[in-house]
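Have a look at the structure below before the remarks.
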Amino acid sequence: FSPICTPGVTPPCPRVPRMSTAVKEPEFLRARSGAGDLRQDFSLMEQKKRVTMILQSPSFREELESLIQEQMKKGNNSSHVWALRQIADFMATTSPAALPTSPMGLASVTPINDLHGTEGPALAKGERLMRCKVGSIHRLLDLYGWAQLGHAAVTLRVSKEQEHFLVAPQGLACSEVTAASLVKVNVLGAVVEQGSTGFAPDARSFSLHAAIYAARPDIRCIVRLHTPAAAAVSAMRCGLLPISRAALLLGDVAYFDFRGEVEDEADRVELQKCLGPTCKILVLRNHGVLALGDTAEEAFYSIFHLQAACEVQVSALASAGGAENLIVLERAEQRVPHGLGAVRRAGTTFGPLHKSRLGEHEFEALMRMLDNLGYRTGYTYRYPFVQEKSKPKSDVLIPATVTAFVFEEEPAGTPTLRQHAQKQQKEKTRWLNTPNTYTRVNLAEEQQGSASGQRTKTTWLRADEVEKGSSGTPIRIENPNQFVPLYTDPQEVLEMRNKIREQNRQDVKSAGPQSQLLASVIAETSQEAPPEPEPPNPFSQLTDQELEEYKQEVERKKRLEG
């Protein structure tokens, strides 16, 4: 049936079937809540983006590093500090923009100091730093190109009492050695602590080092190289020639016919004869060179100059055409520092109770280089790179009693925000000690019953009473703990201050029995009655004749009684 369209009359609209509520509500809710969900997603994306930017920013990493270093200097080695260290290491190794590109073209490097967890092995005293030094020397050998597929050997004596040594495991390249991967062995090469890897040490390579450690108890670290220049010099009959400054710095040089390992007793005796008691440079014939040191810094300092001397000699012989065309220097005539064979401390005093050991400053410079490259050496620096700023005025020149710092008053039209800032600054600037300053004054005092008139009396009066204005020195307090010792926990300072105040409040502390007057305690005077006067002497009014008669009478009575 179709409706008839009448002119001028609007036909009725056909009925549209109403949609069910079950179909309409989800679509309506989805359309209504879609904009809110999008806004929430965008907000979360912005928050994640801000967090990522903060974590990847150099300023955040610097703040985190400074916080960790400050806590470490205070001696705080809790699990929270190690957790922060692990976060810093994770950020350094995972963030592409965290570290500069390494010399080998890698985007990141493996940190040397990976001894952050508490689940690691129990370390002896100072072993953590020793492990970091050995790992850092391996990285330096890799950066200088002196590592010949792991044939470079660096060992360090951990304990002289137990004769334990740190050795890199066989199979690791110098670029892979870390502090935790080092293996601790005894003098026979047996493993004492395996380390973080499953590789075993090279017992044959360690036999030479063990023989040297047994013959020289003064040696702490040994570094061995097999570079082409070192191997070339070890194959020359003339040996290491003193033709360069680096060669003169080495001092005495010993030569030993090395046959791969030192297992026989005859080889050990021959090695001991070659080294002697002071020699610290050993050339292994047709094999390589070794540098011995009392410290790891000295050993690397020696091997660095030994490698330089070998390179100079190889280049000079190749250019001159023979040893007869070279100028050989006389050690006694050259003005160079003492040889490395002498047992001594070199350098001058750089700080209180500190002397620089041989090669220590150069080693610290190399450690700063590695830290700047992102290797995280874990090395403890003895000398700061940036000198601390000197104080503007000496503490000795500041008197014990000072007055507060007075600000100049601003005109009436000061903004509210600025007034609040000035109020906070005035709150920071408070009395360092008593605000009262005293002056010694001689006052005139009249004497009663004296014709001379007056006498002077010395007393102490407040400076404000004597003259107008205070004679104190104004000091601006920028830091609430300005006069607290360095690296002191502010919470400990507040607790100690509260304890002292509580003791004074409860009158627990006193000035002592000998100084009660100084403690403003008035001494109590006794209220006892004055003693009665003694009776008069009965013999004071008798003459000498009467006294003599009295004595004779007393003696006569005694005779009669007897």
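Coordinate-derived values only; no laboratory data. Keep in mind that this is a model prediction, so the values were computed, not measured. Note that we place each Cβ from the backbone using ideal geometry, even for glycine, and neighbour counts take in every protein chain shown.
In this structure, the amide hydrogen of A254, modeled 1.01 Å from its nitrogen in the peptide plane, lies closer than 5 angstrom to those of I281, L282, V283, counting only residues at least 5 positions away or on a different chain.
Using the Cα centre of segment 156-309 as the reference point, and only Cβ charges (+1 on K/R, -1 on D/E), how large is the resulting charge dipole? Debye, rounded to the nearest 20.
Numbers: 14 positive and 17 negative charges, 79 e Å.
That gives a dipole near 380 debye.
If packing is taken as the average count of other Cβ atoms within 10 Å, what order do 537-546, 492-501 fall into, highest mean first? Walk me through the numbers before you get to the answer.
On the way: 537-546: 8.5, 492-501: 10.9.
Result, highest mean first: 492-501, 537-546.
The string of couplings for segment 283-298 from the Karplus curve (6.51, -1.76, 1.60, θ = phi - 60°) is 9, 8, 4, 6, 9, x, 9, 10, 10, 10, x, 5, 9, 5, 5, 5 Hz, one whole number per residue in order, with x for Gly and Pro. Among the listed pairs K133/K184; K184/K273; K184/K280, which have their C-alpha atoms separated by more than 20 angstrom in this model? Flagged as over cut-off: K184/K273; K184/K280.
Taking a point 7 Å from the Cα of A320 along the Cα-to-Cβ direction, the residues of segment 228-255 with backbone N closer than 11 Å to it are 241-244. With R₀ fixed at 51 Å, the C-beta to C-beta distance from N498 to D218 puts the FRET efficiency at about 0.45.
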